[in-house]
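**Student:** Take this structure first; my questions come after.
The values are calculated or read from the model by the stated rules, or taken from the named source; none is laboratory data. Note that the structure is a prediction, hence the values are computed from the model and not measured. Here the Cβ is made from the backbone with ideal geometry for all residues, glycine too, and neighbour counts use every protein chain on show. Surface areas here come from the heavy atoms of the whole protein model, side chains and all, with no ligands, DNA or RNA. Shrake-Rupley method; radii C 1.70, N 1.55, O 1.52, S 1.80 Å.
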Amino acid sequence: PVDQEKTTLTATPEEKLSDKLQHEVRLLHSFLDQSLSVLLILAAVLLHWHLLPFAVLPLALALAVGYGVGTGVSCSFDAIDRIGTLSLLINVTVIAPYNALCFVLFYMTWPGRMLLYRIVQFVTIPLMTFLKVKVSFSEATFIEWMKILPIAYDLILPSDRSVKPFDNVDDATQDQVATALKNAPFMKWLRNFSKAHIPVGVLNSFAYRLIFFMVMIPTLGWFL
């Protein structure tokens, strides 16, 4: 603490201004993140209100009022803070219903998804191998798609042995693959593009990550 106090006292006006600006930026990111979380909660509540049967609405309204009163009392006694309140509300109004919906849709959409996955595999197998591997529509199974992944990795990973000390991705360790992917030209471009067009505060925000995973679970997650 003494060294930190000395550092603060000896800081130049420019450094103090920089620290103040960084603090203000963090506060702004936190405000925007919490505002987006509140919008998610309101949108979910409105959706539930329109989708629930009329006979269930009184019970749902009573539960919502009771939950809101309980949360408000907890906040007034400092038993839970604002972030904790938002987390609870998001779990109840967004995450839990969304998981239940995904559970039902996973089985209801199975026939349609199998056909869609077969089309995706039929198209992506030649594209991912730069036309080195071609299969018929009946042969474009998930097993065949997995077989071409080592070829696809070799085409996008760097050839420098210092960052890619393996010939087949199946023989590499997890750390070796991570290092090779980190130094791949495509990943470098994607990283630079994200830094240039997407603020770091947005990428680190809770609301952004929640929306991202809500999209990824029923798309890429169900496919893999």
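**Student:** If you plug each phi of region 134-140 into the Karplus form 6.51 cos²θ - 1.76 cosθ + 1.60 with θ = phi - 60°, what whole-Hz ³J(HN,Hα) values come out, in order, with x for Gly and Pro?
**Tutor:** Listing the rounded values in order: 10, 10, 6, 4, 5, 8, 7 Hz.
**Student:** Using 1/(1 + (r/R0)^6) with R0 = 41 angstrom and r between the beta carbons of THR141 and PHE212, what's the FRET efficiency to the nearest 0.05?
**Tutor:** The value I calculate is 0.90.
**Student:** Also: Across region 103-117, in residue order, what do the Karplus-derived ³J(HN,Hα) couplings come to in whole Hz, using 6.51 cos²θ - 1.76 cosθ + 1.60 with θ = phi - 60° and x for Gly and Pro?
**Tutor:** Values, residue by residue: 4, 6, 5, 4, 8, 5, 9, 4, x, x, 5, 4, 5, 5, 5 Hz.
**Student:** Something else: Leaving out ligands, DNA and RNA, and with a 1.4 Å probe, what % of the accessible surface on region 150-191 is carbon or sulfur?
**Tutor:** Here it works out to 54 percent.
**Student:** log₁₀ I(q)/I(0) of region 82-224 at q = 0.09 Å⁻¹, via Debye over equal Cα point scatterers, no solvent, to two decimals?
**Tutor:** Taken in order of the listed q values, log10 I(q)/I(0) reads -0.44.
**Student:** Can you figure out the FRET efficiency of LEU46 with TRP222, using R₀ = 35 Å and their beta-carbon distance, to the nearest 0.05?
**Tutor:** With R0 = 35 Å, the Cβ-Cβ based efficiency is 0.85.
**Student:** Highest first, please rank the peptides 208-215, 111-118 by the mean number of other Cβ atoms sitting within 10 Å of their residues.
**Tutor:** On the way: 208-215: 13.9, 111-118: 12.2.
So the peptides 208-215, 111-118, ranked by packing, come out 208-215, 111-118.
**Student:** Excluding residues fewer than 8 places away in the same chain, name every one of the lysines whose C-alpha is closer than 29 Å to that of LYS20.
**Tutor:** Of all the lysines, those that pass the test against LYS20 - Cα under 29 Å, at least 8 places apart if same chain - are LYS6, LYS195.
**Student:** Rg and Dmax of region 135-180 over Cα atoms: what are they, in angstrom?
**Tutor:** Calculated on Cα positions, Rg and Dmax stand at 12.7, 41 Å.
**Student:** Does a label point 7 Å from the Cα of PHE106, set along Cα-to-beta-carbon, have any residues of region 188-216 with amide nitrogen under 20 Å, and which are they?
**Tutor:** Output list for this probe position: 210-216.
**Student:** Using a 1.4 angstrom probe, figure out how much accessible area region 102-224 has per residue, in square angstrom, rounded to the nearest whole.
**Tutor:** On a per-residue basis, 69 Å².
**Student:** What distance in nm lies between label points placed 7 Å from Cα along the C-beta direction at GLN176 and GLN22?
**Tutor:** My value for the distance between the label points is 3.8 nm.
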